[in-house]
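All of the numbers you see were taken from the coordinates with simple rules; none came from a lab. These figures come from a predicted structure and were not determined experimentally. A quick note on method: Cβ atoms are made from the backbone with ideal geometry, for glycine too, and the neighbour counts reach across all protein chains shown.
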Amino acid sequence: MAYVITDKCLGEQYAQCVAACPVECIYPGDYKGEKFMVIDPELCINCGACMPQCPVLAIVENEDASPEWAAVNKAQAPAFKANAKVEPRPANDPPKKPEHKLQ
């Protein structure tokens with residue numbers, strides 16, 4: 001099962017996870033008018049390297065932990081894959097949304 005990026009990433013897009021991914025399966029994009037990242041479930045090797053990199057704990061370890069967002073990741077991955085990579089935000093940069101607290 002693939003790792004999943006959840007709604008905690010919406011509007012945040014720290015992108016620290018991208019550099020940690022050994023198979024480059026994490027892509028940036030726009031989802032419902034907000035910056036977002038997705039994990040391509042077809043390419044994810046379930047290594048877990050991305051999860052500890054997210055300062056807002058937006059990544060869960062499998063589809064069962066967040067079926068709704070697993071569907072979003074799967075649906076958006078093909079379109080997001082073509083997007084240019086984004087520069088990571090510093091992990092200590094305060095979240096843009098107050099409900100997203102740094103770990």
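What dipole magnitude, in Debye to the nearest 20, does the chain give about its Cα centre under +1 on Lys/Arg Cβ and -1 on Asp/Glu Cβ? Walk me through the numbers on the way to the answer.
Values: 10 positive and 14 negative charges, 61 e Å.
Dipole about the Cα centre, nearest 20: 300 debye.
Loop-only check: which GluC sites (Glu not before Pro) in segment 28-79 are DSSP coil with at most 12 other Cβ within 10 angstrom?
Working: sites: Glu34, Glu42, Glu61, Glu63, Glu68; in loops: Glu42, Glu61.
Answer in residue order: Glu42.
Using the Kirkwood radius over Cα pairs, work out the Stokes-Einstein diffusion coefficient for segment 60-103 at 4 °C and 1.567 mPa s, in µm²/s as a whole number.
Working: Rh = 13.1 Å.
Rounded to a whole number, D works out at 99 µm²/s.
Can you compute the helix-only [θ] at 222 nm over the chain? Use -39500 (n - 2.57) per DSSP H run of at least 4 residues, normalise by all residues, nearest 500 deg cm²/dmol. The partial results should precede the final answer.
Details: 2 runs with 19 residues, N = 103.
Per the formula, -5500 deg cm²/dmol.
Output the pairs from Lys32/Lys81; Lys74/Lys101; Lys74/Lys97; Lys8/Lys35 with a Cα-Cα distance over 20 Å in this structure; if there are none, say none. Could you put the intermediate results ahead of the total?
Values: Lys32/Lys81 17 Å; Lys74/Lys101 26 Å; Lys74/Lys97 25 Å; Lys8/Lys35 11 Å.
From Lys32/Lys81; Lys74/Lys101; Lys74/Lys97; Lys8/Lys35, over 20 Å: Lys74/Lys101; Lys74/Lys97.
Trypsin sites (Lys or Arg not before Pro) within segment 1-88: which are DSSP loop residues with at most 10 other Cβ atoms inside 10 Å?
Hits after loop and neighbour filter: Lys32.
Please work through the chain and write down the cysteines that have no neighbouring cysteine Cβ at a distance under 4.7 Å.
Lacking a cysteine Cβ partner under 4.7 Å: Cys9, Cys21, Cys25, Cys44, Cys47, Cys54.
Quick check: the distance between the Cα centres of segment 46-64 and segment 67-103, to the nearest angstrom?
So the two Cα centres are separated by 11 Å.
At 37 °C and 0.692 mPa s, grab the translational diffusion coefficient of the chain from Stokes-Einstein with a Kirkwood Rh over Cα pairs, rounded to a whole number in µm² per second.
After rounding, the answer is 249 µm²/s.
In degrees, nearest 10, range 0 to 90: what is the angle between the Cα axis of helix 67-80 and the longest Cα principal axis of the chain?
Once rounded, the angle reads 80 degrees.
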